1. Hey, among the residues in region 36-53 that are at pLDDT below 95 and among the small types (Gly, Ala, Ser), which one's farthest from residue 212 (Cα to Cα)?
2. Considering 57, 108, 90, 68, which residue is closer than 18 Å to residue 174 by Cα and in the same structural domain as residue 222 (by TED's automatic domain parsing)?
3. Considering every residue within region 28-51, establish whether at least one is more than 14 Å from the chain's Cα centre (by Cα), surrounded by 16 or more Cβ atoms within 10 Å (Cβ to Cβ) and either assigned to a strand (DSSP E or B) or in the same structural domain as residue 202 (by TED's automatic domain parsing) (or both).
4. For region 57-71, how many residues are surrounded by fewer than 18 Cβ atoms within 10 Å (Cβ to Cβ) and within 22 Å of the chain's Cα centre (by Cα)?
5. Show the residue pairs that are 6+ apart or on different chains and have beta-carbon atoms under 8 Å apart, the first residue being within region 188-200 and in the same structural domain as residue 116 (by TED's automatic domain parsing) and farther than 14 Å from residue 175 by Cβ, the second being in a helix (DSSP H, G or I) and at pLDDT 95 or above.
6. State yes or no: is residue 90 of a type in the set (A, V, I, L, M, F, W, C) and buried (at least 21 other Cβ atoms within 10 Å of the Cβ)?
7. In region 183-223, which residue that is in a strand (DSSP E or B) and among the β-branched types (Val, Ile, Thr) is nearest to residue 96 (Cα to Cα)?
Amino acid sequence: MDYSNPETFTEGAVLFLDKPLTWTSFDLVNKVRKSLRTCLGIKKIKVGHTGTLDPLATGLVIICTGKATKQIMQYQDLDKAYDAQIRLGATTPSFDMETDPDHEFPWAHITRDMVEKQLISFKGEQEQMPPMFSAKSVDGKRAYEMAREGKEIALKMQTVQINQLDLLSFEPPELTLHVECGKGTYIRSLARDLGLSLDSGAHLSGLRRTRIGPHRVEDAITLDQFLKNLKLL
């Protein structure tokens, strides 16, 4: 890719980036857009991402520029893979560590065998409730905006597909899962539901997106590498 040529990005570039922790997907889009304007003198350019990744997650985000933004929908439909850390014994309103625990539960009774048996029931087509702290649109506003304002939100169950679910490690109250799933699946909701199925509570304590379709995070570049390629670092 010729980073010195503005037409590379106006005609359409697809960037595979490893999102830093605490950044939103929109932060990444805005940084790419601003950097292209600053470095290459592009006054106006379309930039968009192909799927939101939570601020407390890291990993693969695909960003399209210029004419390549027409391809966003086809990337959104691809299956995804994650490595997820889950903490047993407590729930949070956001289903992850963005908010403080609201309830605590016993977890000492949970064994590795219990977890593996429950994981079987989560494979395949599932009905899943999205988190209140999500990017779902409710009456024209993002659900997370309303949740942070303390408003009641009526979200609907949605059908999702979980293709693979493996227990990578079990060191209670922490466990790590590898998840391969279809579009629209919330790993935070999976963590919450798994906790309930184990007669306890749980929330997501860490998440890394490792794959989108055939594209792997190992082949992505960091934001710093992108900026160095543009001669901004």
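1. If we take residues in region 36-53 being at pLDDT below 95 and among the small types (Gly, Ala, Ser), then 41 is farthest from residue 212 (Cα to Cα).
2. Numbers: 108 fails: in the same structural domain as residue 222 (by TED's automatic domain parsing); 90 fails: in the same structural domain as residue 222 (by TED's automatic domain parsing); 68 fails: closer than 18 Å to residue 174 by Cα.
Unique residue meeting the criteria: 57.
3. Among the residues of region 28-51, at least one is more than 14 Å from the chain's Cα centre (by Cα), surrounded by 16 or more Cβ atoms within 10 Å (Cβ to Cβ) and either assigned to a strand (DSSP E or B) or in the same structural domain as residue 202 (by TED's automatic domain parsing) (or both), which makes the answer yes.
4. Here is the first cut: in region 57-71, the ones surrounded by fewer than 18 Cβ atoms within 10 Å (Cβ to Cβ) are 67, 70-71.
Still in the running and within 22 Å of the chain's Cα centre (by Cα): 70-71.
Residues flagged as surrounded by fewer than 18 Cβ atoms within 10 Å (Cβ to Cβ) and within 22 Å of the chain's Cα centre (by Cα) within region 57-71 amount to 2.
5. Within 8 Å, no pair qualifies.
6. Numbers: of a type in the set (A, V, I, L, M, F, W, C): yes; buried (at least 21 other Cβ atoms within 10 Å of the Cβ): no.
For residue 90, the condition - of a type in the set (A, V, I, L, M, F, W, C) and buried (at least 21 other Cβ atoms within 10 Å of the Cβ) - is not met.
7. Taking region 183-223 and keeping what is in a strand (DSSP E or B), we get 202-212, 215-216, 221-222.
Retained after the next criterion (residues that are among the β-branched types (Val, Ile, Thr)): 210, 212, 221-222.
Details: 210: 19, 212: 22, 221: 26, 222: 24 Å.
So, considering only residues that are in a strand (DSSP E or B) and among the β-branched types (Val, Ile, Thr), the one nearest to residue 96 (Cα to Cα) is 210.
Matching residues to (1) within 18 Å of residue 193 (Cα to Cα); (2) touching a strand residue (DSSP E or B) at 6+ places or on another chain (Cβ under 8 Å):
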{"position": "73", "(1), (2)": "no, no"}
{"position": "76", "(1), (2)": "no, no"}
{"position": "82", "(1), (2)": "yes, yes"}
{"position": "106", "(1), (2)": "yes, no"}
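The values are calculated or read from the model by the stated rules, or taken from the named source; none is laboratory data. The structure displayed is predicted, hence computed values, not measured ones. When we count neighbours, we look across all protein chains shown, and the Cβ atoms used for this are built from the backbone with ideal geometry, even at glycine.
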